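Novice: Starting off with a structure, shown below.
The values are calculated or read from the model by the stated rules, or taken from the named source; none is laboratory data. Because the structure is predicted, anything quoted here is derived from the model rather than measured. Backbone-built Cβ (ideal geometry, glycine too); neighbour counts: all protein chains shown.
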Amino acid sequence: MASGTALVYDEEMMSYKLLWDDQECSIEVPERLSSSYKRLQDYDLVKRCTQLPVREATDEEITLVHSSDYLEVVKSTQTMNEKELEEISRKYTAVFFHQNSFRCAKLSLGGTLQLVDAVLSGEVQNGMALVRPPGHHSQRDQGNGFCVFNNVAIAAEYAKKKYKLERILIVDWDVHHGQGIQYIFEEDPSVLYFSWHRYEHKTFWPYLSESDYNAVGRGKGTGFNINLPWNKVGMSNADYIAVFFHVLLPLAFEFNPELVLVSAGYDSAIGDPEGRMCATPECFSHLTSMLMNLADGKLCAVLEGGYNLRSLAESVCMTVRTLLGDPLPKLTGEMTPCHSALESIQNVRAAHSPYWKCLLCDGNLRSAHDPGSKENLDSQLSSDQQQNIDTAVFDSFLDSHMKEITFAAPPLRTCAVLPEGCSLALPDGVLLEEETATREHVIASSSLFPYELLEKESMLATLGKTLVVLNKLIAYQTMNAIALSPDSSVCAAVAIQHVLASEVKRLYCINIGDIGMKHESQNDGKFLCLNICGAYPTGMSNNRQIYVKWTECSDEYSSFFYILFCCILPLAYNYQPDFIIITTGCNRTIGDKDIALLVSLLQGLANGRIIAVIPETEPKLGEMLVKCMSGSPGEKHFGPHRAPPLEIIQDLNEKLLVIQKEWKMLQCSAS
Ligand code: Q9C
Ligand code: ZN
């Protein structure tokens with residue numbers, strides 16, 4: 001099993017710069033690399049990565065995507081004087097050449113390919129390439145938007161050719177449209193390209209109609225190009241996450257890629273002069289960790305844009321930290337997507353509904369009203385306000401933000417409670433709990449339950465240990481825990497009561513299968529409970545106790561991703577719990593791997609504070625979950641996935657329509 005994170009960096013890629021006066025190009029400075037790398041060192045992240053040397057890409061690699069004519073032009077810039085360089089740069093849009101540009105572009109691409117080799121050979125699990133020049137705007141015959149060679153597009157062709165890959169996902173979270181990547185793969189169904197980008201109804205660079213949501217690919221590639229235009233600036237964490245849940249992730253899971261390439265531009269982060277968006281650095285942790293559940297965790301992030309040096313550096317660090325498997329900081333901010341974002345989400349879902357089974361139900365959904373005008377721009381920050389971000393003010397904002405989201409990881413990652421005689425293979429570092437609460441304490445904590453349930457000695461013993469572990473979780477002495485129990489529903493009910501009696505502010509509980517206990521909800525605001533079962537009990541749903549029906553219908557593949565992204569995770573991110581309990585009872589209709597996927601994704605919430613309570617008769621599930629919670633590298637074999645049948649989608653959508661009035665992250669349309 002592959003493990004570890006690669007980092008590609010070489011200061012030689014700082015050896016080119018803009019030589020003349022050009023406002024537009026002045027932001028792409030060499031310090032973008034050094035300041036990011038320096039920050040990685042400050043956080044001690046560099047030494048935790050496998051450092052990979054860069055290399056020069058070969059002509060053959062460059063011409064996987066570019067024409068030889070264009071290659072010759074770029075080659076010729078090596079020996080030009082300043083005047084000639086300026087002249088040839090003017091043939092392209094927003095490009096500047098320097099005598100070292102060719103050398104750096106070869107290193108930038110070569111470094112990217114080194115990363116792809118390390119990941120696909122299994123030398124590492126994932127990695128990031130800190131490279132410049134960037135790549136996603138460059139096209140077969142031309143450079144564009146600071147980009148010389150299209151690093152990520154060539155990486156995809158390279159992976160197809162050298163490793164015979166058939167499905168590659170490219171996620172372009174840079175704030176500009178990577179039109180170069182779109183053009184290259186427009187007719188290619190083996191590469192699914194997703195880009196979100198500042199668009200403002202075509203009034204933002206590069207001003208292309210083909211950047212809009214209705215460009216879905218052509219010919220055999222129809223349906224494999226996904227554009228999410230941002231028609232307003234100021235998009236926040238909630239908007240980014242909503243797009244992942246309601247557009248990218250369902251399609252990506254249905255696509256089932258063998259490799260994920262990220263065009264990792266950070267001009268989509270707060271403080272960037274180009275993007276003017278509001279996503280904070282930890283948002284990139286969440287984006288990264290969600291993508292790590294695809295392609296068995298094989299992910300290569302390749303730097304594109306990002307022009308606020310402070311914001312860029314912090315966001316790069318968040319990405320690398322997450323690739324290394326560190327616990328995620330809580331996502332900050334109001335969890336309500338804005339109207340304009342919902343319009344775009346609705347439009348792209350409608351445009352893609354003919355091509356993706358998981359969007360089938362959206363087929364009869366009309367596109368959102370699209371004013372196509374700039375009427376909304378007035379309500380945004382005045383451009384003066386945004387253009388002249390005071391660096392000192394911004395830096396101190398970011399300093400305090402980073403302090404706020406940083407949390408000290410607990411001394412222990414995972415605790416396990418096992419009943420007598422139940423053995424489980426525990427990964428290194430998992431503590432088997434031996435301490436137990438007193439018998440009186442257990443009985444007092446279980447006062448609401450019929451005494452017969454507690455008569456079994458083994459039940460009392462497990463509850464005693466579980467209470468000890470819960471106290472450790474509450475005190476944040478352990479990050480997460482798993483408890484196997486003779487009766488998981490009693491054990492979970494005791495756990496819920498215990499947590500609700502503590503200072504924990506918001507508890508999210510997910511019950512899978514039939515539950516013996518109905519949880520009382522006098523704790524309004526403190527408790528959100530989602531029950532996923534094969535059949536609804538009658539008339540029990542409300543906004544705090546939600547019942548949804550879910551039945552898997554195939555053994556060879558799973559459809560669980562559907563309910564995961566349209567229901568379970570949006571609710572979780574909306575609620576922002578600080579404690580999570582997940583239980584499985586009998587007659588569960590969700591498989592082991594899917595519960596592991598769920599637990600893996602839930603670790604992004606509540607600072608990773610989660611306990612799984614499962615029956616002692618399920619050691620296999622227990623082993624899978626404990627592996628996933630203890631942060632063992634790899635172990636992300638969650639696929640394959642396939643969209644569920646229409647009836648199931650329709651049934652669920654009806655239910656969600658009711659509760660989305662309160663839970664805004666469930667919304668996937670503006671109307
Ligand atoms: N104010 C990358 O981020 N200038 N390239 C746009 C609009 C070109 C961006 C001007 C921006 C190119 C890799
Ligand atoms: Zn960009």
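Novice: I'd like the residue in segment 285-312 that is within 16 Å of ligand 1 (Cβ to nearest atom) and of a type in the set (A, V, I, L, M) and, out of all such residues, is nearest to HIS641 (Cα to Cα).
Specialist: So, considering only residues that are within 16 Å of ligand 1 (Cβ to nearest atom) and of a type in the set (A, V, I, L, M), the one nearest to HIS641 (Cα to Cα) is ALA301.
Novice: List pairs: first residue in segment 232-259 and more than 27 Å from LYS202 (Cβ to Cβ), second residue among the charged types (D, E, K, R) and buried (at least 23 other Cβ atoms within 10 Å of the Cβ) anywhere in the structure, Cβ distance under 9 angstrom, at least six positions apart or on different chains.
Specialist: Here the result reads PRO257/LYS298; GLU258/LYS298; LEU259/LYS298, each pair linking segment 232-259 to a residue that is among the charged types (D, E, K, R) and buried (at least 23 other Cβ atoms within 10 Å of the Cβ).
Novice: Same structure again: Only one of ALA301, ALA264, ALA269 is crowded, with 24+ Cβ neighbours inside 10 Å, more than 21 Å from ASN607 (Cα to Cα), within 16 Å of ligand 2 (Cβ to nearest atom) and without any contact (Cβ under 8 Å) to a residue 60 or more places away in the chain; which?
Specialist: ALA269
Novice: For residues that are among the small types (Gly, Ala, Ser) and more than 24 Å from the chain's Cα centre (by Cα), scanning just segment 129-177, find the one that is nearest to ligand 1 (Cβ to nearest atom).
Specialist: My answer is GLY145.
Novice: Those residues that are farther than 14 Å from SER101 by Cα, away from ligand 2 (no atom under 16 Å from the Cβ) and surrounded by 15 or more Cβ atoms within 10 Å (Cβ to Cβ), I need them from segment 23-44; list them, please.
Specialist: Across segment 23-44, the qualifying residues are SER34, SER35, TYR37, ARG39, LEU40, TYR43.
Novice: Kindly list, by first and then second residue, each pair from a residue in segment 332-356 that is at positive phi to a residue that is surrounded by fewer than 22 Cβ atoms within 10 Å (Cβ to Cβ), limited to pairs with Cβ atoms under 9 Å and residues at least 6 apart or on different chains.
Specialist: That search, which allows pairs on different chains as well, returns GLY333/CYS278.
Novice: So, restricting to helices (runs of 4 or more DSSP H) that lie completely within segment 399-486, which ones have at least 1 residues that are at pLDDT 95 or above, in contact with a helix residue (DSSP H, G or I) (Cβ under 9 Å, 6 or more places away or on another chain) and surrounded by 15 or more Cβ atoms within 10 Å (Cβ to Cβ)?
Specialist: 457-474
Novice: Looking only at segment 299-344, count every residue that is in a loop (DSSP other than H, G, I, E, B), under 18 Å from ALA238 (Cα atoms) and among the polar types (S, T, N, Q) and tell me the total.
Specialist: 2
Novice: Here's a follow-up. I'm checking my understanding of the structure. Among residues of segment 195-219 that are farther than 22 Å from MET277 by Cβ and polar (S, T, N, Q), which one is nearest to ligand 1 (Cβ to nearest atom)?
Specialist: Filtering first and then ranking leaves SER209.
Novice: Away from ligand 2 (no atom under 15 Å from the Cβ), of a type outside the set (Phe, Trp, Tyr) and touching a Ser or Thr at 6+ places or on another chain (Cβ under 6 Å): which single residue out of ALA350, ALA341 fits that description?
Specialist: From the options ALA350, ALA341, the qualifying one is ALA350.
Novice: Would you call GLU56 assigned to a helix (DSSP H, G or I) and either surrounded by 19 or more Cβ atoms within 10 Å (Cβ to Cβ) or without any contact (Cβ under 8 Å) to a residue 60 or more places away in the chain (or both)?
Specialist: No, not satisfied.
Novice: Give segment 134-144 a look and list any residue that's buried (at least 24 other Cβ atoms within 10 Å of the Cβ) and within 12 Å of ligand 2 (Cβ to nearest atom), or say none.
Specialist: Of everything in segment 134-144, those that are buried (at least 24 other Cβ atoms within 10 Å of the Cβ) and within 12 Å of ligand 2 (Cβ to nearest atom) turn out to be PRO134, GLY135, HIS136, HIS137.
Novice: Go through segment 542-588 and give me each residue that's aromatic (Phe, Trp, Tyr), within 16 Å of ASP514 (Cβ to Cβ) and touching a helix residue (DSSP H, G or I) at 6+ places or on another chain (Cβ under 7 Å).
Specialist: Within segment 542-588, just TRP550 meets the criteria.
Novice: Counting only residues that are aliphatic (A, V, I, L, M), in contact with an Asp or Glu (Cβ under 9 Å, 6 or more places away or on another chain) and buried (at least 22 other Cβ atoms within 10 Å of the Cβ), how many does segment 314-330 have?
Specialist: Matching residues across segment 314-330 total 1.
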